[in-house]
Amino acid sequence: MRNAEVASVMTTDVVRAEYGTPFKAVARLLAEHRIGGLPVVDEHDHVIGVVSETDLMTRQGETPVFHRAARRAGPPALTPGARRRAARARARTAGQLMTAPPVTAHTGGTLVQAARTMARRHVERLPVLDAGGRLVGIVTRHDLMRLFLRPDAGIRREVIEEILVKALWLPPMSVGVFVTEGVVTLDGRMERRSETEIAVAMARRTDGAVGVVDKLPYRTDDTRPRPGTRIPHGVAGERPRRI
């Protein structure tokens, strides 16, 4: 079973900026293309950071760090966070505004992996890199929504062909496969418990599946050794013997 890759949904015509792109030019790019952020690249198209609408708004919203009264007594000691905010308030280019290092994806990564990265890192877009680390696309949360819009018929067909037939070598109609609003129901009797667990686990990883209902009783529990069965030890389990 092969999950859909990032390259299948990414936008290849990427709006980008360079380190020295002026603040207002970045704002125009975001407004004209109606996007929430863009990657910042170097001269070799390597992504060095990402600038978002939030970065621009934060820059505009920052207040001066030093007040007149404080200046007479000398500058106060600043925390690292305060220093970063002060530098952001003075930013005039994309390179000074950007968030770095960037969170990225690769063309061969799956949509599921990209979704997990976005959720874990709290970002809304991922620049997509090729094998050489160069920018070739961008994928957003909106792009990943296509994963959940996959028709039920396509999910059912993949479960039957890729899991039952190719992975488990079972006749296509040996197990009932029903898909409703992305929820996969597997109904039928399996010969071994291991086959049941494989079928359910693979169905959960099917693109577009939002849940699996397991109605697969089994005849034999082959995941537990029978009483009195001797478990063979591998080489690593043998005690070293003196020669």
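The values are calculated or read from the model by the stated rules, or taken from the named source; none is laboratory data. All figures in this text were calculated on a predicted structure; none of them were measured in a lab. With ideal geometry, Cβ positions are generated from the backbone for all residues, glycine too; neighbour counts draw on all protein chains shown. Just the protein is used for accessible areas: all its heavy atoms, side chains included, with ligands, DNA and RNA removed. Shrake-Rupley method; radii C 1.70, N 1.55, O 1.52, S 1.80 Å.
Restricting attention to the range 42-59, which residues are of a type in the set (A, V, I, L, M) and either open to solvent by 70 Å² or more (accessible area, probe 1.4 Å) or in contact with a Lys or Arg (Cβ under 9 Å, 6 or more places away or on another chain) (or both)? First the steps, then the outcome.
Here is the first cut: in the range 42-59, the ones of a type in the set (A, V, I, L, M) are 47-48, 50-51, 56-57.
Hits for the range 42-59 are VAL47, VAL50, MET57.
Output the residue which, of all residues in the range 26-41 that are of a type in the set (Gly, Ala, Ser) and without any contact (Cβ under 8 Å) to a residue 60 or more places away in the chain, is least open to solvent (accessible area, probe 1.4 Å). Lay out the reasoning, then the answer.
First, the residues of the range 26-41 that are of a type in the set (Gly, Ala, Ser): 27, 31, 36-37.
This time we only want the ones that are without any contact (Cβ under 8 Å) to a residue 60 or more places away in the chain, so: 27, 31.
Values: ALA27: 36, ALA31: 70 Å².
Here the residue is ALA27.
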query: Got a number for residues in the range 116-151 being more than 29 Å from THR180 (Cα to Cα) and not in a helix (DSSP H, G or I)?
result: 16
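One line per residue, one yes/no per condition, for (1) under 30 Å from ALA17 (Cα atoms); (2) touching a strand residue (DSSP E or B) at 6+ places or on another chain (Cβ under 6 Å):
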position: HIS122; (1), (2): yes, no
position: VAL128; (1), (2): yes, yes
position: ARG157; (1), (2): no, no
position: MET190; (1), (2): no, yes
position: ILE198; (1), (2): no, no
- prompt: Does any residue of the range 55-63 turn out to be charged (D, E, K, R), at pLDDT 60 or above and in a loop (DSSP other than H, G, I, E, B)?
  reply: no
- request: Among the residues of the range 152-188, write down those that are assigned to a loop (DSSP other than H, G, I, E, B), under 14 Å from VAL213 (Cα atoms) and open to solvent by 70 Å² or more (accessible area, probe 1.4 Å).
  value: GLU181
task: Give the residue that is farthest from VAL179 (Cα to Cα), with candidates limited to residues of the range 191-201 that are open to solvent by 30 Å² or more (accessible area, probe 1.4 Å) and under 24 Å from the mean Cα position of the chain (by Cα).
output: ILE198
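Being part of a helix (DSSP H, G or I) and open to solvent by 40 Å² or more (accessible area, probe 1.4 Å) is the filter; apply it to the range 87-114 and report the residue that is nearest to GLY132 (Cα to Cα). Break it down into steps so the answer makes sense when it comes.
From the range 87-114, those part of a helix (DSSP H, G or I) are 87-89, 94-97, 111-114; that's our starting set.
Filter again for open to solvent by 40 Å² or more (accessible area, probe 1.4 Å), leaving 87-88, 96, 112-113.
Values: ALA87: 32, ARG88: 31, GLN96: 25, VAL112: 22, GLN113: 20 Å.
Result: GLN113.
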task: Report yes if some residue within the range 145-165 is free of Cβ contacts under 8 Å to residues at least 24 places away in the same chain and more than 22 Å from ARG204 (Cβ to Cβ); otherwise report no.
output: no
